[in-house]
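The block underneath contains the structure these notes are about, expressed in structure tokens.
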Amino acid sequence: VAGGCWYVLATQRVVTCLQQRCERSARCDISSSCSKVVCSTQYLSPENMLKMSRCGGNSTLMTKSFCFDPDGIFQYGIYEPALPVISSNSLAVKILYPIFWGLLNLSSFGNELSPTSNPLEVVFSICIVLGGLLLFTLLIGNIQVFLHVVMANRKTLQLRRRDIEWWMRRRQLPSGLRQRVRHFETQTWDTMGGEEEMKWIEELPDGLRRDIKRYLCLDLIKKVPLFDSLDDLILDNICDRVKPLVYSKDVKIIREGDPVLRMVFVVSGRVKRSQGLSKGKIATSILEPGGFLGDELLSWCLRRPFIDRLPASSATFTCIEYTEAFGLNENDLRYITEHFRYRFANNQLKRTTRYYSSNWRSWAAVNIQFAWRCYRMKSKSDPSIPEILNGGNEDRLRKYAAMFMSLKPRDHLE
């Protein structure tokens, strides 16, 4: 902006010079009145040897524009560097040089400016100096604020780490647990920046809080197949009640047999599901982003007659890597399912819940394997498997044990 104003004002000064020269001439011919014959002591070329008689010595005759002569009697002041720019035919020069001039003088507070007594030129020079000082002051102020925030966050982090280290030494925690605590604190600090953003949001008015949480959580909630087909009203209530969760590597979100306190929706990272079967066997599967766990809680909320005791988890969920998720507590989920029960009674939603449930998937996998093994054992075309004696007690017990290797999940679809 400063360079553009400088170029415009310089053009006006050139126009003023042209007007003054024309006023002094009877015939206002710019090509003649704004030029004069001067003798220049430049290198003489053979073509200019004929003109030496008029200038004499080592001078040559040349035509020089009066209004574009920096050494002329017309004073340009701070606009003198603009004369070659105005007379140039290059558009790039006309754009880049004013930008350079503005940056140069604003960064140097106008130290190189030598204005004339023209009032407008003096005022413009004062604006350049004050603008440079103002920008420099704002820059220093912003740097101070930035350094203050960085140092304050770093000091908070150091104090928190010092308190945690002191507590771990006081409780004599083993080195493995200490390393896990340090790793979790580092990842949480890198993700949240040491700020509890949800605590700030909860202090806002209800309408504003709901809109902010909808903006932050709606796209992530819609990635969950269970909630993809729900109404906007239900999604708004879910977004208003979910809470962000962070888990470090190798952390067990919930163990098999523990009461399910919340539904967890995986946003990023992977979670390993482990379910203990009979005879020490373990069924495993992986939850990718978009998956969820704790669907026993949803069946518990929709079960009639209602049982006040929380359901037990059918598997153990362990984070394979750093995981970010959203959690919906049991009281919030119960409120949503009771208030919008008409929507959760949809058969399509029930089947979607069963299809994406890790419990039902494991149960189905075990039963498919059992059915396939029974088929191969009954098939006479497979010589590797001996023929089974029908009616044998040992075979019948083995068959029943395989059927109960995985407990069949129960949900509100039944």
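The values are calculated or read from the model by the stated rules, or taken from the named source; none is laboratory data. Please read these numbers as outputs of a predicted model, since none were measured by experiment. Cβ: placed from backbone, ideal geometry, glycine included. Neighbour counts: every protein chain shown. The accessibility values were calculated without ligands, DNA or RNA, using every heavy atom of the protein model including side chains. Shrake-Rupley method; radii C 1.70, N 1.55, O 1.52, S 1.80 Å.
Side notes on the structure shown:
- Every condition in (1) under 22 Å from Y335 (Cα atoms); (2) within 27 Å of the chain's Cα centre (by Cα) is met by V246 except one, and the failing one is (1).
- The set of residues in the range 70-94 that are farther than 14 Å from Y7 by Cβ and not in a loop (DSSP other than H, G, I, E, B) contains only G77.
- Failed item in (1) open to solvent by less than 60 Å² (accessible area, probe 1.4 Å); (2) part of a helix (DSSP H, G or I); (3) within 23 Å of P289 (Cβ to Cβ); (4) not acidic (D, E), with G207 passing the rest: (3)
- Exactly one residue out of I73, I143, I128 is more than 16 Å from V14 (Cα to Cα), of a type in the set (A, V, I, L, M) and surrounded by fewer than 16 Cβ atoms within 10 Å (Cβ to Cβ), and it is I143.
- The set of residues from the range 274-292 being part of a strand (DSSP E or B), surrounded by 21 or more Cβ atoms within 10 Å (Cβ to Cβ) and within 30 Å of the chain's Cα centre (by Cα) comprises L287, F292.
- Test for E256: is it touching a residue at least 60 places away in the same chain (Cβ under 8 Å), assigned to a loop (DSSP other than H, G, I, E, B) and farther than 15 Å from I221 by Cβ: yes
- Filtering the range 293-320 to residues that are in a loop (DSSP other than H, G, I, E, B) and more than 32 Å from the chain's Cα centre (by Cα) leaves R303, R304, P305, F306, I307, D308, R309, L310, P311, S313, S314, A315.
- Qualifying positions in the range 259-273 - farther than 18 Å from E330 by Cβ and open to solvent by less than 20 Å² (accessible area, probe 1.4 Å): V266, G269, V271, R273
- The set of residues from the range 264-285 being closer than 15 Å to Y247 by Cβ and of a type in the set (A, V, I, L, M) comprises V264, V266, V267, V271.
- Residue in the range 282-290 that is touching an Asp or Glu at 6+ places or on another chain (Cβ under 9 Å), under 15 Å from S362 (Cβ atoms) and of a type outside the set (K, R) present: no
- Condition met for S358 (at pLDDT below 80, surrounded by 17 or more Cβ atoms within 10 Å (Cβ to Cβ), touching a strand residue (DSSP E or B) at 6+ places or on another chain (Cβ under 6 Å) and not β-branched (V, I, T)): yes
- The one condition in (1) outside any helix (DSSP H, G or I); (2) modelled with pLDDT of 50 or more; (3) loosely packed, with under 12 Cβ neighbours inside 10 Å; (4) among the hydrophobic types (A, V, I, L, M, F, W, C) that V37 fails to fulfil: (2)
- Exclusive hit being touching a residue at least 60 places away in the same chain (Cβ under 8 Å), open to solvent by 30 Å² or more (accessible area, probe 1.4 Å), in the same structural domain as E330 (by the TED database) and over 28 Å from L177 (Cβ atoms), set L245, L302, L233: L233
- Conditions (1) open to solvent by 80 Å² or more (accessible area, probe 1.4 Å); (2) at pLDDT below 75; (3) out of contact with any Phe, Trp or Tyr (no Cβ under 7 Å at 6 or more places or on another chain): number failed by M403: (3)
- Flag if R154 is assigned by the TED database to the domain that holds N105, assigned to a helix (DSSP H, G or I), modelled with pLDDT of 85 or more and open to solvent by 70 Å² or more (accessible area, probe 1.4 Å): no
- Output for the range 309-334, where each listed residue is surrounded by fewer than 18 Cβ atoms within 10 Å (Cβ to Cβ), touching a helix residue (DSSP H, G or I) at 6+ places or on another chain (Cβ under 8 Å) and farther than 12 Å from M263 by Cα: L310, A312, E324
- Condition broken by Y97, with the remaining ones in (1) assigned to a helix (DSSP H, G or I); (2) modelled with pLDDT under 85 satisfied: (2)
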